[in-house]
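Please treat every number below as a calculation from the coordinates, not as lab data. Computed from a predicted structure; not experimentally measured. Here the Cβ positions follow ideal geometry from the backbone for every residue, glycine too, while neighbour counts run over all protein chains shown.
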Amino acid sequence: MATGYVYHELYGWHDTGTHAGLLPADPRRGLQPHRHFENAEAKRRVHELVVVSGLIDRLTRLRPRPASDEEILRVHTAAHLARLASGSDAGDGGSPFGPGGLDIARLAAGGVIAAAESVVDGEVDNAYALVRPPGHHALPDTGMGFCLLANIAIAVAAVRATRGVRRVAVVDIDVHHGNGTQAVFAADPDVLTVSVHQERVFPPDSGHRTERGEGAGFGSAVNVPLPPGTGNGGYAAAMARVVVPALERFAPDLVIVAAGYDAGATDPLARMMVTASGFRAIASSLIEAAGRLCAGRIVFAHEGGYDPVYVPFCAHAVIEALAGVTDPLPDPFSPNFDFLAGQDLQPHQEEAIAAAEALLADIP
Ligand SMILES: O=C(CCC1CCCC1)NO
Ligand SMILES: [Zn+2]
């Protein structure tokens, strides 16, 4: 199994400065300065664990390249690109960036493009793009939620334009709704977007089951909002009963996963309980489905996840699943987190999943 791996040190140089974690620091409001939640640590430490564990030796290193204006403008407006070229925030006041922010954002989007092209071209069987800044909230005309460019949407548009790929499924397992990718392709019946997320956590009032796509694309958006506190059992049921059946009905040529780890048990920006073994199971279900549906063509693009201690173990487990590793790195936190009360599927979670199953009938 040849697994491509994208990482670049410049991803760690994307400067999100000092907010009060999430909001601009402001002594008048009692908001003390603190490094932004979306800082380099969690992602840099994923890479370092991949190297230190030796997993790097089982991967095929792929070199990212900057996404061109042409590639970006397939998805974004010229005004948004101009904002990123001259500004210091992606557009929502909570997504700051320092000098050269656009250059690094281009490299993040270009890293997902490189991974997708390598998989489609058969250079590797599957791939993991450990990129930063994230992208799944970015809309055509603005960035938001720490996202500057819509990395995955830009990569989908690229392989459709240059590789003749037609049907692409994007599965978003970040704990926050994949609103940006959904918006870009809402009217397109040949791009399926499936988002599994904590209900109504971010963007506010977004990611409802009633968001189905529009026009010719009706049914091409599937949203699975889950209650706070959902753990490994709830996510496994969502994958088995909604996400994998959606992929089977859609029959993609390529699967791209928005791989966020903020559904993790220790994440500061959500309230779920998924563990490294839970993320491994999620990834394995998607990899297995891609193996049956599209010759294993699957790309994981890193999104959110903010605990610098635990995210490395969660992402490492996913990359091991891609590489077919049969002797996985033990999760030292397993005794704490895998046996938390409520890890199994709970009745109210089952209700949310059953309600989402009804969405499968309209997938184009
Ligand atoms: O991880 C993220 C960013 C979420 C935050 C953006 C502002 C409040 C929550 N999106 O996937
Ligand atoms: Zn997130």
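Observations
- Prolate/oblate/rounded label for segment 22-130 (Cα gyration tensor, a/c 1.5): oblate
- Global form of the chain, assessed from the alpha-carbon gyration tensor, a/c cut-off 1.5: rounded
- Rounded to the nearest 20 debye, the dipole size of the chain about its Cα centre is 340 debye, using +1 on the Cβ of Lys and Arg and -1 on the Cβ of Asp and Glu.
- Most fluctuating residue given options Asn232, Asn223, Asn336, as computed from a GNM of the chain linking Cα atoms under 10 Å: Asn336
- Kyte-Doolittle mean at least 0.0 and Cα axial length at least 24 Å: DSSP H helices in the chain: 101-120, 276-293
- Over the residues of the chain, the helix contribution to mean residue ellipticity at 222 nm works out to -10000 deg cm²/dmol, using -39500 (n - 2.57) for each DSSP H run of at least 4.
- Taking the Cα centre of segment 27-174 as origin and assigning +1 to Lys and Arg Cβ atoms and -1 to Asp and Glu Cβ atoms, the resulting dipole is close to 180 debye.
- Rounded to 5, the percent of DSSP beta bridges in the chain classed as antiparallel: 15
- The phi torsions of segment 168-177, fed into the Karplus equation with coefficients 6.51, -1.76 and 1.60 and a -60° offset, translate into couplings of 10, 9, 10, 10, 9, 9, 4, 6, 9, 4 Hz, rounded to whole numbers, with Gly and Pro shown as x.
- The relative contact order of the chain comes to 18 percent, based on Cα pairs under 8 Å that sit 6 or more residues apart.
- Relative contact order, percent, segment 1-104 [alpha-carbon distance under 8 Å, six or more residues apart]: 34
- Taking amide H atoms as placed 1.01 Å from N in the peptide plane, the amide H of Leu345 lies under 5 Å from those of Gly233, Gly234, each 5 or more residues away in sequence or on another chain.
- Mean Cβ neighbour count within 10 Å, used as a protection proxy, ranking 137-143, 255-261, 290-296 highest first: 255-261, 137-143, 290-296
- When peptides 1-7, 322-328, 262-268 are ranked by their average number of other Cβ atoms within 10 Å per residue, the highest-first order is 262-268, 1-7, 322-328.
- A dipole drawn for the chain from +1 and -1 charges on Cβ atoms has a positive end, and of Asn179, Leu360, Cys147 the residue lying farthest that way is Cys147.
- Set of segment 207-238 residues, backbone N closer than 18 Å to the point 7 Å along the Cα-Cβ line of Glu350: 226-238
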